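Accompanying notes for the structure given below.
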Amino acid sequence: MYDEQEQPPEHGPLAGFTVGVTAARRADELGALLERRGAAVLHAPALRIVPLADDSELLAATKDIIGQAPDIAVATTAIGFRGWVEAADGWGLGEDLLARLRGVRILARGPKVKGAIRAAGLTEEWSPASESMAEVLDRLLEEGVDGLRIAVQLHGEPLPGFVESLRAGGAEVVGVPVYRWLPPEDLGPVDRLIDASITRTLDAVTFTSAPAAVSLLSRAEERGLLDDLLAALGHDVLSACVGPVTALPLQARGIDTVQPERFRLGPLVQLLCRELPARARALPVAGHRVEIRGHAVLVDGALRPVPPAGMSLLRALSRRPGWVVSRAELLRALPGAGRDEHAVETAMARLRSALGTPKLIQTVVKRGYRLALDPVAESKYGEG
């Protein structure tokens, strides 16, 4: 074990893990937060935002609202509300729009939208603590919407059930489509993220919008890989969502997700810093503490990057720690290794070198290899 005077090098809590980022907006910010904590980041924007500043639908909705004021306006996203005001300015209708909205009850989905509303010189009446459109809908329906004219700023995709429920309650709804989500122009990064999830070379995928989750699942379905992706996200690859609305498309497919209490990027990264290390396998091996992470191993706290083939072997050994695993079985664990058991010996030599402590893995002549599990732990892991 390492000497108390020679502590292992400092590394972040996410060192050794690979995290996928599906965000279109603020992807660089999220990636930087993850990298500062040691993660390897796979950027794969699952959608792109197309502003509709020149769109006839938005212009028509803006003129409609200026011509006949709504009783209530619902603002769903900060970027969308700002985009609406900016587009109206571009058409020479900005002042008219703001003047009309000053006499309207404005509901904001969350604090970011509140900031955009106030920056425009307006004041919101109410905003839910949950930042959930479901809570906005519940409040409106409880108060009663029969006969009311309600403007709803849409946020890239139709709000499932929201507009329909208002109309069923007797409201006249004016949709304000400010921008749309579309698939990315370059699908290569998304395909690489899907492949990395299925091969389990990814430890977690982050989602910051429901459309991004829908887009990723849709792309996997187009490639005939949806079942494989769902299996990976359902068991081995953690799905981390910024909030409950973002998680809905994944949960509808039976995928368990984790979410921070505060729906922000910082708390999302903090959540990963807790969840991923807690999921890592830690074993007492040959007098050392060995923690197996996604693409690296901590040996007594020191980070040891391991090649992909070596990680495949180590995972196969760790599934039965202390027990002999045959070369044939290890060969099957190697991706694309073929039938030559010499590939196992080559990968094993590189694994031992990467770990820096060769005695962690024992060679059992004519039988295979085993993790040198400490005797105290042998009965714990070896029973049955």
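Since every read-out is calculated from the coordinates, none of them should be taken as a lab result. From a predicted model like this one, the values you see are computed outputs, not experimental measurements. Reconstructed Cβ throughout: ideal geometry from the backbone, glycine too, with neighbour counts over all protein chains shown.
Quick notes
- Rel. contact order, % - alpha carbon contacts under 8 angstrom, at least six apart, the chain: 16
- For R105 and L248, the FRET efficiency from 1/(1 + (r/R0)^6), where r spans their Cβ atoms and R0 equals 25 Å, is about 0.40.
- Contact order relative to length of segment 56-212, as percent, for alpha carbon pairs under 8 angstrom and 6 or more apart: 24
- Whether segment 216-353 is rounded, prolate or oblate, judged on the alpha carbon gyration tensor where a/c under 1.5 counts as rounded: oblate
- Amide H to amide H, with H built 1.01 Å from N, V285 comes under 5 Å of V290, D374, counting only residues 5 or more places away or on other chains.
- For L93, residues with placed amide H under 5 Å, excluding near neighbours: none
- Taking 0.36 nm per residue of separation and subtracting the current Cα-Cα distance, fully stretching the chain between R139 and R279 would add 46.5 nm.
- Antiparallel DSSP beta bridges within the chain, percent to nearest 5: 45
- The chain - mean residue ellipticity at 222 nm from DSSP helices (-39,500 (n - 2.57) per run, n ≥ 4, rounded to 500): -13000 deg cm²/dmol
- Gain on full stretching of the segment that runs from R200 to V365 - 0.36 nm per residue minus C-alpha separation: 56.3 nm
- In this structure, T123 and S218 have a Cβ-Cβ separation that, at R0 = 41 Å, corresponds to a calculated FRET efficiency of about 0.55.
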